Amino acid sequence: MTQRVRCALAAALGLACATVPPPDLPSPPAEPISACDGASGAAVVTVEYLRAGGFAIVHEGEALLTAPFYSNPSFLRVGLGLSIGPDDQRIPARPPLLEGARVAGVLVGHAHYDHLMDVPSVLARWGLDAAPVYGSRTAANADSRHVVYPVTRPGTWVRELRSARLPPEIRIDVRPRKVQNKLRPGPNVPIAVAVLGSEEVDVEDVDLATLAFGPDGAAAERKAKRVDVDGDGFEDLVTRYRLRETGIARGDTEACLTGIADGFEFLSCDAVVTR
């Protein structure tokens, strides 16, 4: 679409909107409102407006948010297809309503900009990076760090919601800093295995007690070391295993480590040369 056509379209839409009087709708409440138990007067549910389709719904210390959206780029920028993004200056501090509440989830529904665009920035500003975020598969593709899509069946509503966090992608390096991972089954020598840290993987989240290496699931021999073995600037986790206890045999071409990281079970393998 050419710039001239875009401008003409924007002007036409602007004129069309100008000829239609806005509906006489009440303004959203500026302060949280509560629904009360008529008998006792105790607050049952408290709701605060978070702009656009966003609300904070709090009940007995548990909170659910829906698509907070404060940036609100201009109609002109959106209409002309210009670049838009979160406006951190417009995102306020965490609402007092959420202080002390456990945010059980953030529901964004789908990936339109007015639902999803502000979510990462809002979560960061409000200290809620670990909060569950639920949306469509498209939303998960757009923001894989935060969003996990609802589990649904065709033609039905959500039946189950998966974990709020996506499992980390764990990579290992057998015999780190070696060009070839040569193993000689038989001798009971220690074998070093590194869980590689990255921007997404914090090795502090690895549960050492759950680590098991090789077909026989050898336990780590000694205290782990945290050192950057691959020079990428991220700390890696190095543990050692007795080769005879791993079950690795001649002819094996890979060796695998299992365990739990950030609450998720993982299986990660690396190529080896056995002789």
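Any read-out appearing in this document is the output of simple, stated calculations on the displayed coordinates, not a laboratory observation. Predicted model, so just to flag it, every value in this text is computed and none were measured. Glycine also receives a Cβ, built like all others from the backbone with ideal geometry; neighbour counts cover every protein chain displayed.
Computed values, structure above
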quantity	calculated
Cβ-based exposure ranking for Ser268, Ser71, in which fewest neighbours within 10 Å come first	Ser268, Ser71
Separation of alpha-carbon centers, the stretch 190-232 and the stretch 68-122, rounded to whole Å	38
Tensor-based shape of the stretch 172-274 (alpha-carbon gyration tensor, a/c under 1.5 rounded, otherwise prolate or oblate)	prolate
Length added when fully stretched, Thr258-Glu169, from 0.36 nm per residue minus Cα-Cα	30.8 nm
Ranked list, fewest to most other Cβ atoms within 10 Å of each Cβ, for Val45, Val193, Val174	Val45, Val174, Val193
Computed E for Arg226/Arg177 - FRET, C-beta separation, R0 22 angstrom, nearest 0.05	0.90
Counted charge near Val179, where neighbours are those whose Cβ lies closer than 14 Å (Asp, Glu -1; Lys, Arg +1)	+1
Where labels lie 7 Å past Cα in the beta-carbon direction, separation of Glu199 and Val45 in nm	3.9
